[in-house]
1. Across segment 54-71, what is the total count of residues that are within 20 Å of SER121 (Cα to Cα) and either among the acidic types (Asp, Glu) or crowded, with 18+ Cβ neighbours inside 10 Å (or both)?
2. Name the residues in segment 72-95 that are out of contact with any Lys or Arg (no Cβ under 8 Å at 6 or more places or on another chain), surrounded by 13 or more Cβ atoms within 10 Å (Cβ to Cβ) and not hydroxyl-bearing (Ser, Thr, Tyr), would you?
3. From the list GLU127, GLU78, GLU96, which one is in a loop (DSSP other than H, G, I, E, B), of a type outside the set (Ser, Thr, Tyr) and farther than 24 Å from ASN11 by Cβ?
4. Look at GLY126 and say whether it is surrounded by fewer than 13 Cβ atoms within 10 Å (Cβ to Cβ) and in contact (Cβ under 8 Å) with a residue 24 or more places away in the chain.
5. Residue check: is LEU24 in a helix (DSSP H, G or I) and either modelled with pLDDT of 95 or more or among the hydrophobic types (A, V, I, L, M, F, W, C) (or both)?
6. Please tell me if ARG49 is at pLDDT 95 or above, surrounded by fewer than 19 Cβ atoms within 10 Å (Cβ to Cβ) and either more than 23 Å from GLY126 (Cα to Cα) or of a type in the set (Asp, Glu) (or both).
7. Of the conditions (1) within 21 Å of ALA14 (Cα to Cα); (2) among the β-branched types (Val, Ile, Thr); (3) outside any strand (DSSP E or B), ILE50 fails just one. Which one is it?
Amino acid sequence: MALNYVMIGSNDVAVSRRYYDAILPQIGGTIFADFMPHGFCYEMRGGGRIWVARPFDQQAAVAGNGQMVGLLCGSEAEVGSAYRAALAHGGSNEGEPGPRPHYGPNFYGAYVRDPDGNKMSFVYFGEAE
């Protein structure tokens, strides 16, 4: 099975757009669909897509406890760059960039929440730089 897309709910799509526009291009994302002010989609390396929009049922978007999107980066430097961009554009820190040996010998990651509280990680599985 291959993951095709994830959908991230937002209560303010314009704020989310500024946030994701600052981060996703740094880790290989390109805008795939633009339905502003309602939503947008980025295509990532490997073809997976990230959609951001208001929930279809028109209820408030809420972050799920235990839910997280992991975004694959091409280097430790990309992890750090995405993390810093996230914090500079309304994200909050959930774990600074660094090795996480308890997740594997080559796991390097950082954790943030977007402006709506959705948790995400930036991860790299290569050799230490």
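The values are calculated or read from the model by the stated rules, or taken from the named source; none is laboratory data. The shown structure was predicted, so the numbers you read here are calculated from the model rather than taken from an experiment. When we count neighbours, we look across all protein chains shown, and the Cβ atoms used for this are built from the backbone with ideal geometry, even at glycine.
1. 2
2. CYS73, GLU76, ALA77, GLU78, VAL79, GLY80, ALA82, ARG84, ALA85, ALA86, LEU87, GLY95
3. GLU127
4. Yes, satisfied.
5. yes
6. no
7. The failed condition is (3).
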